[in-house]
Amino acid sequence: MATVTFDQATRSYPKTDRPAVDALDLQIDDGEFLVLVGPSGCGKSTSLRMLAGLEEVDSGAIRIGGRDVTDSPPKDRDIAMVFQSYALYPHMTVEQNMGFALRLAGVAKSEIARRVAEAAAILDLQDYLDRRPRALSGGQRQRVAMGRAIVRSPQVFLMDEPLSNLDAKLRVQTRTQIAALQRRLGTTTVYVTHDQVEAMTMGDRVAVLKDGLLMQCDTPAALYERPANVFVAGFIGSPAMNVLTGEVVDGGVRLGTAVLPVPRDRLARASGGTGRVTVGFRPECLELVPPGEGVPVVVGVVEQLGSDAYLYGTVGDERSGAPLQTSDVVVRTEPRHAPEPGQTVWLRVREDALHVFDPVSQVRVD
Amino acid sequence: MTTTLPGTGTTEVRPVDVPRGRARRGRGGRSGKAGPVTYTLLTLAALVSVFPLYWTVVAGSHTNAELAETPPPFLPSAGLFDNFAAALEQAPIGKAILNSVLVSGAITVGTVLFCTLAGFAFAKLQFRGRGVLLALVIGTMMVPTQLSVIPLFMMIAELQWVNQLQAVILPTLVSAFGVFFMRQYLISALPNELLEAGRMDGASTFRIFWSIVVPVARPAMAVLAMLTFLTAWNEFFWPLIALTTANPTVQVALAGLGSGYVPQQAVIMAGTLLGTLPVLIVFTILGKQIVGGIMQGAVKG
Amino acid sequence: MTIASQSTREALVAVPVSPAPTAQRPPARRRRRLSQNRWGYAYVAPFFLVFGAFSLYPFVYTAWVSLHRTSLSDIDGGTWVGLENYRDLLQSEFFWNAARNTLTIGILATVPQLCMALGLAHLLNYKLRGRTFFRTLMLMPYATSIAAATLVFAQLFGRDYGLINTALEAVGLERIDWESGTWSSQFAIAVIVTWRWTGYNALIYLAAMQSIPGELYEAAEIDGASRWRQFLHVTVPSLRPTILFTIVVSTIGAVQLFGEPLLFAGNGTTSGGSSGQYQTLGLLMYQQGWSNFHIGQAATTAWAMFMIILLVVGLAAVIGRLRARADR
């Protein structure tokens, strides 16, 4: 077990103008499950591969268990990796695939057999040890890839989108299995995904990256409750948080004809003299209030999910004839009393659930 | 050394996916069933392809006079074996076959090994000058054999290798085509993640090659081996220069047989048959694989 | 398959091993590259060692030899003559005769061969019983060596005992002395080449045809195109790169034509018939070097052959590019 540290780690590819990973600072605790998440091209896979030793580190350092491994080849880092395509050796049986690293390390045959059997038992692979990858289902292959990592009992597991080749149902199932397995083994794990649901459900902490920069790294709950900037606010949560920018007026921000109340001190700090402010509120943090109070929204589409209903609407009001602001607003409501499309509803944001951002720097203001 | 093995059709025909298996093949457009006309034409073409070989057997078993009769004989006779004996006496066919097996075998082993190594490097490893070196390899596929035989001859004369088998083995031990062929195969058949997995598992560079690349490359290596053996067996120009009938390969022996004064055509034909039989036997066994290999090479190229 | 090999040594020297340009990357402390960089050289080294010694080096050295008057019996003691060999070559009637013969035999051997190959590929592309059987039989000639094929065809085309003349006589035609006539001998040699390579090229075309997506044909069919029009407007255009490639390869082969004319006469002379009626460039080069022992001249001829090949390949490249541009 070990901690993992990214210390100003940077990777620039030749002939590109900005680094793929830009001065990444990240401290991962012993036994922690850390998820790297972000849209494609954000540098999450590159970061993982830098940690793996598959990608060079142009500047900065990477430490595992306090040891500087920046220049070490992968085999000297005591890590194991699960690849997106699983990368199982096609000509080896499941058993040989899982035991390959141990064989290379010169571990005794009996010991290899014992450890492979142990991992196979954990992963429910005992019946497939003699098969080649070709003869396995997608889920089984995925488990073999996990097994190959487990048998080595490394200090750190690296997982690069290990679920993306599974179908939706299996993915959900495997997700919980991996998380449970990691907790049981207690091995420090760095996990890359583009799926924020995966990130939120699996990680002890989640690091959100964008354009090679670390946006925020915190527990799932904290990311959700207190996103550090507009990007994280929009990226985490589904449906996404409503983010609107409007003119500052006395005691709030003007949205359409209505005014959304915002505490005075936050308003002052967020507007920074521009006279505008960005606010965010999640779909589930809105309450329907009687007409005339709160912010009017014209309902465009109603999505019935059974457990909930989501209203997709536009801030505006029928008196003005047309929506005053084009930003869409999503509202979660009771499914049985959902309004009809075309209706106007009046909404109030729960006070504790209002996020305020500086419209220029996009940074959160508390 | 002829320009043989120009084989791979080239260029932009690259398969979108994997039309290799039965999965997507077949259609090639016309899923139409062949009619009687098609079968007739194809049978005709097949006959033309095979007839000269059959005629070798017939002509190898009859005297000149019998061959000149109208109608000529169309079936082989027992005379074939007498003519085999005569051919073996007049030309060192036995020795030639042994030599050809040695030469072709050595060339095949060397070519497959070296071309797999180089093909892997060109397909999957980054190193400075890779593009230039690859262009060099591909460029030399156009260079005619004639352009290198003179210095080569001087070289082997200097080394006193004239009439020795290494003189025909060494210069043919690698093939530009082979490198290109292996490269094309490995680019698509060997995922980068597999190599990375090997590195994560702690395999040395050599180990990665031996335990991961070679098993993946095996089908292409087999194809390359078959094509190389065939080409090496049929190599004509350079062996003719480097060897004499005192220590010939099959082709040199046949050339000697065809150029000397042999009164009976039948003896020449019998000798030709003897020299061709080993390849024909191999071809009968592996024909399907060779056909597949050539077609695969064509699409990959 | 050339006599491959060039000296690896030279090849590697040409490549700067020290990574100069990386120094400019600003904050980068230079690190040991993890991407297996220099292992690449280790993997290509055996190949380039042999390749360099036996292909690249001879290739360049031939150019050097071509500038000397050198005899095979006196290999090291050539006299520098500059471009004299080239001047002589261009004034030599033997060269022009061989060049002319190479051209006519090349055309006779290549054009029908590729057309037939295309047709055969088309037939083989139908759903067939015994598909593998047909394909394998058609590849048999490719497996037959030049020497064997030529000896058999020399027999078939023989004046006195040849089957072809017997057949001609049987239908009431004159016997032909195939070997002694210019056109007849060139035709016969072209037949040998065609026989050996048609099946092979058919398989190349077939492979290319099978990689054409079936949807293209379905679309054409829905548009009302007949089978023949589908062949013309879908198959042939899709095959264009392959066709161009086979033309280039066949031409390269034709320029080097050697074994067939050498063995066709059946007496081992290198003159290509009593009046050189089927003397080719490849044969001429062999005659100059190994019958007349003028290896300087032979080297010059070899270079001339290479120039012709370069011309053909260059032309094909230009055509390929023009077509590609026209398509765009």
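The values are calculated or read from the model by the stated rules, or taken from the named source; none is laboratory data. Here the structure is a predicted model, which means the values were calculated and not measured. Counting neighbours? That spans all protein chains shown, and the Cβs are built from the backbone with ideal geometry, glycine included. Ligands, DNA and RNA are excluded from the accessible area calculation, which covers all protein heavy atoms including side chains. Shrake-Rupley method; radii C 1.70, N 1.55, O 1.52, S 1.80 Å.
Things worth noting here:
- When residues in segment A:237-265 are screened for being more than 31 Å from the chain's Cα centre (by Cα) and β-branched (Val, Ile, Thr), 4 of them pass.
- Count of segment A:9-61 residues which are open to solvent by 10 Å² or more (accessible area, probe 1.4 Å), in contact with a Pro (Cβ under 6 Å, 6 or more places away or on another chain) and assigned to a loop (DSSP other than H, G, I, E, B): 1
- Scanning segment A:83-125 for residues that are under 17 Å from B:ALA203 (Cβ atoms), of a type in the set (Val, Ile, Thr) and not in a helix (DSSP H, G or I) yields one hit, A:VAL107.
- Some residue of segment C:61-71 being closer than 29 Å to C:TYR286 by Cβ, modelled with pLDDT under 80 and open to solvent by less than 40 Å² (accessible area, probe 1.4 Å): yes
- Candidates B:THR205, B:THR172: the one that is over 30 Å from A:THR93 (Cβ atoms) and either hydroxyl-bearing (Ser, Thr, Tyr) or in contact with a Gly (Cβ under 6 Å, 6 or more places away or on another chain) (or both) is B:THR172.
Residue-wise test of (1) open to solvent by 30 Å² or more (accessible area, probe 1.4 Å); (2) more than 19 Å from B:ASN99 (Cβ to Cβ); (3) assigned by TED's automatic domain parsing to the domain that holds B:PHE114.
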{"residue": "B:TRP161", "(1), (2), (3)": "yes, no, yes"}
{"residue": "B:GLN164", "(1), (2), (3)": "yes, no, yes"}
{"residue": "B:VAL168", "(1), (2), (3)": "no, no, yes"}
{"residue": "B:VAL174", "(1), (2), (3)": "no, yes, yes"}
{"residue": "B:VAL179", "(1), (2), (3)": "no, yes, yes"}
{"residue": "B:GLN184", "(1), (2), (3)": "no, yes, yes"}
{"residue": "B:ILE187", "(1), (2), (3)": "yes, yes, yes"}
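- Tally of residues being open to solvent by 60 Å² or more (accessible area, probe 1.4 Å) and within 14 Å of another protein chain (Cβ to nearest Cβ) across segment A:107-133: 1
- Taking the conditions (1) open to solvent by 60 Å² or more (accessible area, probe 1.4 Å); (2) at pLDDT 65 or above; (3) part of a helix (DSSP H, G or I) in turn, C:PHE95 satisfies each one other than (1).
- Residues located in segment C:252-291, provided they are more than 7 Å from chain B (Cβ to nearest Cβ) and among the aliphatic types (A, V, I, L, M): C:ALA254, C:LEU257, C:LEU262, C:ALA265, C:LEU281, C:LEU283, C:LEU284
- Meets criteria (surrounded by fewer than 18 Cβ atoms within 10 Å (Cβ to Cβ) and within 8 Å of another protein chain (Cβ to nearest Cβ)) for B:LEU41: yes
- Qualifying residues in segment C:91-124 (those that are under 18 Å from the mean Cα position of the chain (by Cα) and polar (S, T, N, Q)) - the one nearest to C:GLY276 (Cα to Cα): C:ASN101
Residues are listed down the side, and each one gets a yes or a no for (1) polar (S, T, N, Q); (2) at pLDDT 85 or above; (3) out of contact with any helix residue (DSSP H, G or I) (no Cβ under 9 Å at 6 or more places or on another chain); (4) open to solvent by 30 Å² or more (accessible area, probe 1.4 Å):
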| site | (1), (2), (3), (4) |
| --- | --- |
| C:GLY119 | no, yes, no, yes |
| C:LEU124 | no, yes, no, no |
| C:PHE133 | no, yes, no, yes |
| C:TYR142 | no, yes, no, no |
| C:SER145 | yes, yes, no, no |
| C:ALA149 | no, yes, no, no |
| C:LEU156 | no, yes, no, no |
| C:VAL171 | no, yes, yes, yes |
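- Look at (1) away from every other protein chain (no Cβ under 13 Å); (2) crowded, with 23+ Cβ neighbours inside 10 Å and you find that A:PHE157 fails only one, number (1).
- Taken over segment A:201-232, the criterion of being in contact with a Leu (Cβ under 9 Å, 6 or more places away or on another chain) and over 22 Å from A:ARG49 (Cα atoms) is satisfied by A:VAL232 alone.
- Test result for B:VAL252, within 8 Å of chain C (Cβ to nearest Cβ) and open to solvent by less than 30 Å² (accessible area, probe 1.4 Å): no
- In segment B:134-157, the residue that is nearest to B:PHE177 (Cα to Cα) out of those that are among the hydrophobic types (A, V, I, L, M, F, W, C) and part of a loop (DSSP other than H, G, I, E, B) is B:MET141.
- Subset of segment A:70-82 (residues that are assigned to a loop (DSSP other than H, G, I, E, B) and within 30 Å of A:ALA113 (Cα to Cα)): A:SER72, A:PRO73, A:ARG77, A:ASP78
Conditions tested, residue by residue: (1) surrounded by fewer than 21 Cβ atoms within 10 Å (Cβ to Cβ); (2) within 13 Å of chain C (Cβ to nearest Cβ); (3) under 21 Å from C:THR150 (Cα atoms).
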| residue | (1), (2), (3) |
| --- | --- |
| B:THR56 | no, yes, yes |
| B:PRO71 | yes, yes, no |
| B:GLY105 | yes, no, no |
| B:THR111 | no, yes, no |
| B:THR116 | no, yes, no |
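- Scanning segment C:221-235 for residues that are hydrophobic (A, V, I, L, M, F, W, C) and touching a residue at least 24 places away in the same chain (Cβ under 8 Å) returns a single hit, C:PHE231.
- Some residue of segment A:135-151 being out of contact with any helix residue (DSSP H, G or I) (no Cβ under 7 Å at 6 or more places or on another chain), under 18 Å from A:ALA87 (Cα atoms) and not in a helix (DSSP H, G or I): yes
- Of the residues making up segment B:130-139, those that are farther than 27 Å from C:THR300 by Cβ and under 19 Å from the mean Cα position of the chain (by Cα) number 0.
- Every condition in (1) modelled with pLDDT of 85 or more; (2) open to solvent by less than 10 Å² (accessible area, probe 1.4 Å); (3) assigned by TED's automatic domain parsing to the domain that holds B:ALA65 holds for B:ILE281 except the one numbered (2).
- Filter pass, A:THR188 being touching a residue at least 40 places away in the same chain (Cβ under 8 Å) and either over 17 Å from A:TYR89 (Cα atoms) or β-branched (Val, Ile, Thr) (or both): yes
- All positions within segment A:160-197 that are crowded, with 21+ Cβ neighbours inside 10 Å, of a type outside the set (S, T, N, Q) and not in a loop (DSSP other than H, G, I, E, B): A:ASP160, A:ILE178, A:VAL190, A:TYR191, A:VAL192
- Flag if B:MET142 is more than 23 Å from the chain's Cα centre (by Cα), buried (at least 18 other Cβ atoms within 10 Å of the Cβ), facing chain C (nearest Cβ under 10 Å) and not polar (S, T, N, Q): no
- Subset of segment A:330-347 that is within 28 Å of the chain's Cα centre (by Cα) and open to solvent by less than 20 Å² (accessible area, probe 1.4 Å) - its residue that is farthest from A:PRO283 (Cα to Cα): A:THR333
- Residue within segment B:213-231 that is buried (at least 22 other Cβ atoms within 10 Å of the Cβ), at negative phi and without any contact (Cβ under 8 Å) to a residue 12 or more places away in the chain present: no
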